[in-house]
Amino acid sequence: MSNLEDKLYTVKYTPDATSHLQPVQECCRLCKSKICTTVCPAGVYEWDEDNRKLIVNYENCLECGACRIVCESSSLGWEYPKGTKGVTFKQG
Ligand code: SF4
Ligand code: SF4
């Protein structure tokens, strides 16, 4: 296993019913870089060219915050998941 796979193995997800990541699809359609799809270490974002839509697999988010920082139009809505939802890093 690679180091990243090792780390992901120690992660436990408790997904919320709704996404804590809210892209503005109009901005995504105009976005040239789609940089969120390459920056995210967990592969949360996928560009669906057929439907001209950004797909968000928010259940896999590691809450690192990188996508919010790099978003080309600074339009990405980003919050921590509510309460006990989201990611937990296990020891060992
Ligand atoms: S970088 Fe921002 S605007 Fe571009 S596709 Fe990703 S969320 Fe949308
Ligand atoms: S916060 Fe990090 S892990 Fe979550 S979607 Fe953004 S880049 Fe991916």
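Here's the list of lysines a cross-link from K34 could span, going by alpha-carbon distance under 19 Å and ignoring same-chain residues fewer than 8 apart: K53. Summing charges over neighbours of H20, with a neighbour being any other residue whose Cβ is under 12 Å away from its Cβ, gives -1 when K and R count +1 and D and E count -1.
Run lengths n ≥ 4 of DSSP H only: what is the helix-derived mean residue ellipticity at 222 nm for the chain, with -39500 (n - 2.57) per run over all residues, to the nearest 500?
Values: 4 runs with 22 residues, N = 92.
It comes out at -5000 deg cm²/dmol, rounded to the nearest 500.
Counting only protein heavy atoms and a 1.4 Å probe, the chain has 68 square angstrom of accessible area per residue.
In the chain, carbon and sulfur make up what percent of the accessible area (probe 1.4 Å)?
On the way: 3330 of 6240 Å².
So the carbon and sulfur contribution to the accessible surface is 53 percent.
Each Cα pair under 8 Å and six or more residues apart adds its sequence gap; the mean of these over the residue count of the chain is a relative contact order of 42 percent.
Within the shell defined by Cβ-Cβ distances under 9 Å, the residues around R29 carry a net charge of +1, with Lys and Arg each +1 and Asp and Glu each -1.
Can you compute log10 of I(q)/I(0) for the chain with the Debye formula, treating each Cα as one identical point scatterer, at q = 0.15, 0.19 Å⁻¹? Log-scaled intensity ratios, in q order: -0.59, -0.90. Summary of the geometry: segment 24-42 and segment 69-88, compared by the centres of their Cα atoms, lie 14 Å apart.
The values are calculated or read from the model by the stated rules, or taken from the named source; none is laboratory data. Note that this is a predicted model, so its numbers are computed, not measured. No Cβ is skipped: glycine too gets one built from the backbone with ideal geometry, and neighbour counts run over all protein chains shown. What goes into the accessible areas is simple: the full protein's heavy atoms, side chains included, and nothing from ligands, DNA or RNA. Shrake-Rupley method; radii C 1.70, N 1.55, O 1.52, S 1.80 Å.
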